[in-house]
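Engineer: This is the structure I want to talk about, given as structure tokens.
The values are calculated or read from the model by the stated rules, or taken from the named source; none is laboratory data. This is a predicted model, so every value here is computed, not measured. Cβ coordinates were reconstructed from backbone atoms using ideal geometry, including for glycine residues, and neighbour counts include every protein chain displayed.
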Amino acid sequence: MEGKSRLAERILDQVADAVVYTDCSGAIIRWNRASATLFGYSPEEALGQSLDLIIPEHLRASHWGGFNAAVTRGALKLQGRPTLTRAAHKSGRKLYVELTFAIVKSDNEKVLGSVAMARDVTERVERERAGRDQPPVPL
């Protein structure tokens, strides 16, 4: 049987959702295959970079305020509930992503960083918005 850490790496690389782990400064430490597919950056391009890589400029101030507060408190306001937000693809295309976050702690409760799981929901959101723009169908 494979070692636990190797198995964990295989799981992370084979899940369909993007998994992005950052240290407490917001530097990207883990970037799985789905992250590369979703955001367009290879691991070599993303690792060590700031999360600003995928955060649209107009959302950065609010993101960093929430990120820093969560890392300082060691807790999230969202408590694992999914949230819809915008993200940026390497090509410049804007995405809608559904994210869940967690604070990662050591055995002695020291905050090590944060992890986000993301999935692309751009098609769904655009379809819903297009449907709202349509006039009601007469009966």
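Engineer: Could you tell me which of the residues Lys94, Lys77 is exposed (fewer than 15 other Cβ atoms within 10 Å of the Cβ), of a type outside the set (A, V, I, L, M, F, W, C), in contact with a Pro (Cβ under 8 Å, 6 or more places away or on another chain) and at pLDDT below 95?
Structural biologist: That would be Lys94, the only listed residue that is exposed (fewer than 15 other Cβ atoms within 10 Å of the Cβ), of a type outside the set (A, V, I, L, M, F, W, C), in contact with a Pro (Cβ under 8 Å, 6 or more places away or on another chain) and at pLDDT below 95.
Engineer: Identify, please: which residue in region 16-46 is part of a loop (DSSP other than H, G, I, E, B) and touching a residue at least 60 places away in the same chain (Cβ under 8 Å) and is, among those, surrounded by the fewest Cβ atoms within 10 Å (Cβ to Cβ)?
Structural biologist: If we take residues in region 16-46 being part of a loop (DSSP other than H, G, I, E, B) and touching a residue at least 60 places away in the same chain (Cβ under 8 Å), then Ala16 is surrounded by the fewest Cβ atoms within 10 Å (Cβ to Cβ).
Engineer: List pairs: first in region 61-72 and surrounded by 15 or more Cβ atoms within 10 Å (Cβ to Cβ), second assigned to a helix (DSSP H, G or I), Cβ under 8 Å, 6+ apart or cross-chain?
Structural biologist: What qualifies is His63/Leu51; Phe67/Leu51.
Engineer: Given the conditions (1) at positive phi; (2) at pLDDT 95 or above, and given that Glu109 satisfies all but one, which numbered condition is not satisfied?
Structural biologist: Of the numbered conditions (1) at positive phi; (2) at pLDDT 95 or above, the odd one out for Glu109 is (2).
Engineer: Return the residue satisfying two criteria in turn: it lies in region 73-110 and is in contact (Cβ under 8 Å) with a residue 40 or more places away in the chain and either basic (Lys, Arg) or not in a loop (DSSP other than H, G, I, E, B) (or both), and of such residues it is farthest from Ala18 (Cα to Cα).
Structural biologist: My answer is Val104.
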